[in-house]
Amino acid sequence: MNILKNNKKLIGLCTGIIIILTIILTLVQTFEYRASVGLMIIQKYNQSLDPYSIAKSSEILKKNLGSIIHTSSFFDKIMNSGFALENNFSSDQIKRKKQWRKKISINPSLENAMLVIDAYDKNKEQAKEFTNAIAYVLATQGHEYYGGDKNIEIKLVDYPVVSRFPVRPNILLNLLFGLILGLGAGIGMAVAYNAQRITHNVERITQNHVSQNIEHETRGMERTTVAKEAWQADNRVDKTIDSRRQIINKPGMRAIPNNIPFVDLETNKEKQIADNRQQIIKQTTDNRQQKIGNSTENMRNVAEPQEFYGSMDNLYK
């Protein structure tokens, strides 16, 4: 629920866009009216058949007639039936058959031998004329499709009724479909965006933790190095003083070389040690600054995606 609440603007935006696209696609289609006619298939009572067999036979006949209506031969009979029908069908047989299937819909009743036929057209009168033509051909020439059995009769029981408003495309159904699709797409994008943001945050935290550990270990190593080098510098100064003392105290020494300033060695010992330590600390500090600078540059490169996600967060706030 938090994901939906935090990304409600994104979900609303996706839903709105898809609904607008659905409305546009709906409006560019041709609006068609529907005319419906009802036919009853009646099979006369036969003493040699039980009622169940008669009902079963009527059901089979109803299905057969429903499938025959979409055939090319029946289409030719309709167009030649004498009704004022506009022949707007393609000359190509395959395309014409698809257009005919789209124009005429068969709805056999499951409860009785009723056969409901729907015709669709942008013109109300044309839709009505097509249903009249189909009912007329089935009533007068339907025996050609069931073997001429005199015990079977097709009667018109519901005269053609035309819808007051266009029924195709179904605007309400399309809007409902667009709403569901938009919500689904918006929620999917919100979940994906949230997952990417969580993954990036985990990577950033892990990178920061690793960088802190590396910096801590580097500082520890630097302290150890500074202490070691300072100790070595102290030892070198002590050894220098001891060696010069030994030279001065040798038996038989009559003169002190001018290039050995032994008088100032004790006085300048602390100063030399301090200077050595300052030099070592300065060099170590410069190395650490350079390492930190490189680490900061790497973190900046890694943080670039976060700037993108930050901008996305600002967009939907």
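We did not get these values from a lab; they are worked out from the coordinates using the rules stated. Treat the numbers as computed from the prediction; the structure is a model and nothing was measured. Don't worry about glycine lacking a Cβ; one is built from the backbone with ideal geometry, like all the others, and counts go over all protein chains shown.
Computed extension length for ASN6-VAL157: 48.4 nm, one decimal, from 0.36 nm per residue of separation with the Cα-Cα distance subtracted.
A Förster radius of 51 Å, combined with the Cβ-Cβ distance separating ALA84 from GLN196, puts the computed FRET efficiency at roughly 0.20.
Among 186-192, 33-39, 118-124, the peptide with the highest mean count of other Cβ atoms within 10 Å heads the list, and the full ranking is 33-39, 118-124, 186-192. You can think of it this way: the chain between ASP76 and GLN290 has 68.1 nm of extra reach, that is 0.36 nm per residue less the Cα-Cα gap. Full extension of the chain between LEU176 and ILE20 yields a length gain of 54.9 nm, computed as 0.36 nm times the residue separation minus the alpha carbon distance.
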